[in-house]
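Below: the structure, in structure tokens.
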Amino acid sequence: VDPTLDLFEEIEKLKKEKNAVILAHYYQEPDIQDIADYIGDSLGLSQQAAKTDADIIVFAGVHFMAETAKILSPHKKVLLPDLNAGCSLADTCPADQFALFKQKYPDHTVIMYVNSTADIKAMSDIVCTSTNAVQIVESLPKDEKIIFGPDKNLGAYVAKKTGRDMVLWQGSCMVHEIFSLEKITKLKNRHPEAEFIAHPECEDAVLKLADYIGSTTGLLKYAINSPKKEFIVATESGIIHQMQKAAPDKVFIPAPPNNNCACNDCPHMKLNTLEKLYLCMKYELPEVKMDEELIKKAVKPIERMLEISA
Ligand code: 13P
Ligand code: SF4
């Protein structure tokens, strides 16, 4: 790409020319968040994908999110700046292994976190996100037997919150499991006034220290509305861009991971760049393509989720 090109201007032009909408997750790099038409968590992004009247959905996020957009708007062109933007959590739940697992619990309702492939969604009864997981579980009768997956940490958190005894698939997210309990404890000691807020994909030991637990949108709202001025944030650090924009006087400290990095990036989310976003809009590639039969099966549990959380 010509380095003299103003990519912001070019992307704005392409948006209008092609009637395209850019949906971005909070974990995208700040430039992408700034050019997006809508920034949100997995639930908000899927609601937007279902209702948009744009011809092209440019999904700045990871593959399962763009796939969900395609399932909800199958006649629209869905573009993903980098098709390799996967998800370590979705990868922990291969469809063949999950099919065998499910066979062991034939009388169970399957609730699957949206961070999973379309094949997994097609084997599920209801999809959920971190925003509505508790609500979705509670929408079922108390004695309903439930399989929950693929994230064991979110599953354990929801089981605790709802008092339901669920069978959990043992998957997890590399980004949320890498937080260092020791470093967080030290940081909390150094910042006694700070509130510690965490995403439910973090391990139980980390969640036990949290003043607030929630989805990315939940964390953002909490941080904006809390009277406190300082926050230690245990999720992917991209969300801090929106926190800082909404509350410029507050201090947001990314929770430290278990390595020598100061903050915690999702390597999959960060595969998308402004340059790739521009190229994918210009050439309308790469496009998310899906089998029609799979779409028909996978849309049912997603629609059930959207109905419950409407
Ligand atoms: P949210 O739905 O809370 O934004 O979570 C998405 C995700 O991938 C968390 O790692
Ligand atoms: Fe997947 Fe974790 Fe990245 Fe979210 S942060 S997209 S769960 S790897």
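Derivation of every value follows stated rules applied to the coordinates shown; laboratory data play no part. Computed from a predicted model, the values in this text were never measured in an experiment. Methodologically, a virtual Cβ is constructed for each residue, glycine included, from the backbone with ideal geometry; neighbour enumeration extends over all protein chains shown.
Relative contact order of the chain, taken over Cα pairs closer than 8 Å and 6 or more residues apart, is 22 percent. In this rough spin-label picture, where each label sits 7 Å from Cα along the Cβ direction, the L271-L294 distance is 1.5 nm.
Over the residues of the chain, the helix contribution to mean residue ellipticity at 222 nm works out to -12000 deg cm²/dmol, using -39500 (n - 2.57) for each DSSP H run of at least 4. Label separation (A95 vs D143): 3.6 nm, computed from points 7 Å beyond Cα along the C-beta direction.
Among V127, V288, the order by Cβ neighbours within 10 angstrom, fewest to most, reads V288, V127. First check a/c for the chain, with a ≥ b ≥ c the square roots of the eigenvalues of its C-alpha gyration tensor; if it is under 1.5, answer rounded, and if not, answer prolate when a/b is larger than b/c or oblate otherwise. Note, shape of the chain comes out oblate. Could you tell me the calculated FRET efficiency between D55 and Q103, based on Cβ-Cβ distance and R0 = 30 angstrom, to the nearest 0.05? Between D55 and Q103 the formula returns 0.10. Dimensions of segment 202-284 based on its C-alpha atoms, expressed as ranges along the principal axes with the largest first, amount to 46, 29, 21 Å. Of all DSSP bridge pairs formed entirely within the chain, close to 5 percent run antiparallel. Most mobile of K13, K77, K188 per a Gaussian network model of the chain (Cα springs, under 10 Å)? Of K13, K77, K188, the Gaussian network model singles out K13 as fluctuating most. The modelled label-to-label distance for the pair V1/N189, using points 7 Å beyond Cα in the direction of Cβ, is 4.5 nm.
Springs between Cα atoms under 10 Å define the GNM used for the chain, and in it the highest mean-square fluctuation of M281, M290, M166 occurs at M290.
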